[in-house]
1. Tally Lys and Arg at +1 and Asp and Glu at -1 over the other residues with C-beta under 10 Å from the C-beta of TYR222: what net charge comes out?
2. Against the longest alpha carbon principal axis of the chain, how many degrees, from 0 to 90 and to the nearest 10, is the axis of helix 86-105 turned?
3. On full extension of the chain, what length is gained from ASN5 through GLN264, given 0.36 nm per residue of separation minus the C-alpha to C-alpha distance?
4. Alpha carbons only, please: Rg and Dmax for the range 3-141, in angstrom.
5. For the range 171-181, what does the Karplus curve 6.51 cos²θ - 1.76 cosθ + 1.60, with θ = phi - 60°, yield as ³J(HN,Hα) per residue in whole Hz, taken in order and with x for Gly and Pro?
6. Mind ranking 111-121, 94-104 by how tightly packed they are, going by the mean number of other C-beta atoms within 10 angstrom, highest first?
7. Could you give the dipole magnitude of the chain about its Cα centre, charging the beta-carbon of Lys and Arg +1 and that of Asp and Glu -1, in debye to the nearest 20?
8. May I ask for the net charge around ALA134, where only other residues with Cβ less than 15 Å from the Cβ of ALA134 are counted and Lys, Arg are +1 while Asp, Glu are -1?
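Laboratory data are not the source of any read-out in this text; all were calculated from the coordinates shown. Note that the structure is predicted; figures quoted are calculated from it, not measured. Here the Cβ is made from the backbone with ideal geometry for all residues, glycine too, and neighbour counts use every protein chain on show.
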Amino acid sequence: MLMRNFLSSRKSIREFKGKNISGKDMQKVQEIVSAVQNKVDGNLVQFTLIDEGKGFGKALEGKAGYAGVMIKAPAYIAMDIVDASPKGQFTAAYAMEEIITGLIEIGLGSCWISLTDVHAGGQEVIQGFNVHKAEYLLAFGYPMNTMGIGDTPYSSRMGVEDIVYKERLGNPMTVEELETLGLDDLFYYVRFAPSAHNEQPWRYVVNNGRVDMYMKDTGKNYWIEAGIAAYYLEQLAHTMSIPHRFVLEETSTEGEYKHIGSLQV
Ligand SMILES: Cc1cc2nc3c(=O)[nH]c(=O)nc-3n(C[C@H](O)[C@H](O)[C@H](O)COP(=O)(O)O)c2cc1C
């Protein structure tokens, strides 16, 4: 897959066509969710498909999303982070991005929804829909416009020079240096990873054939963003025939930045 193909339709979709997901597509969604769930340890994360989205979305108005602004969608996936350790959160978010990839492949758009932003009884509501608990939801459906053509642009992102450093945090790395290493495109695209409130807490240090990922400690849940960003980094690297997997290892803290792990490049 080309890098730009990985990203062409990978952005938050908040408006969906009014129609329900067809039975055939819902069957595929169930298969996607089950396949991902079977790969991850159920003691870390549990995904639940909510196929009757209308009542669910309505019941969560004022109780989920940024400041209680719930995204209306024909269906949702609830993410229950069973194990709240860094590994649990990281694994859950990484797995949710795998689900999103599956949804994109069958033409469905999606958006993450925080259940942690407001504390107004959201958990009680979801329990009424047979979900034990959830920290995040994924709203999904048929996007209003054909994805990637003439619809909502990506939210703004920081420049490569603001997030990528050489050998140590804070030491600038020029685009020319990244070009020499063949990593300029990788970092151009990795910036498009989604993050809650678009906070973009990730930073990268390129050092001797490896990329170390750091997260800015915003006091919030940066392990979720770490799992998402690691998925982007790894998948984009795969499009460049870099076969390695991101290795999660929290080793140090540098000021407000936490070391999360690394990828060999
Ligand atoms: C963990 C997480 C939680 C999010 N929660 C919400 C939310 O509650 N409501 C919302 O409208 N968008 C939510 N988003 C979407 C982000 O705002 C969006 O990804 C970011 O602004 C970047 O925009 P883009 O995906 O369109 O490029 C969330 C994203 C993440 C990764």
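1. Neighbourhood net charge equals 0.
2. Between helix and principal axis, roughly 70 degrees.
3. Value of the extension gain: 91.0 nm.
4. Expressed in Å, the Cα Rg and Dmax of the range 3-141 come to 14.1, 41.
5. 8, x, 10, 7, 4, 4, 5, 5, 4, 4, 7
6. Numbers: 111-121: 17.5, 94-104: 20.5.
Put in order of decreasing packing, that is 94-104, 111-121.
7. 740
8. Details: positive: LYS63, LYS133; negative: ASP80, ASP83, ASP117, GLU124, GLU135.
Net charge in that neighbourhood comes out at -3.
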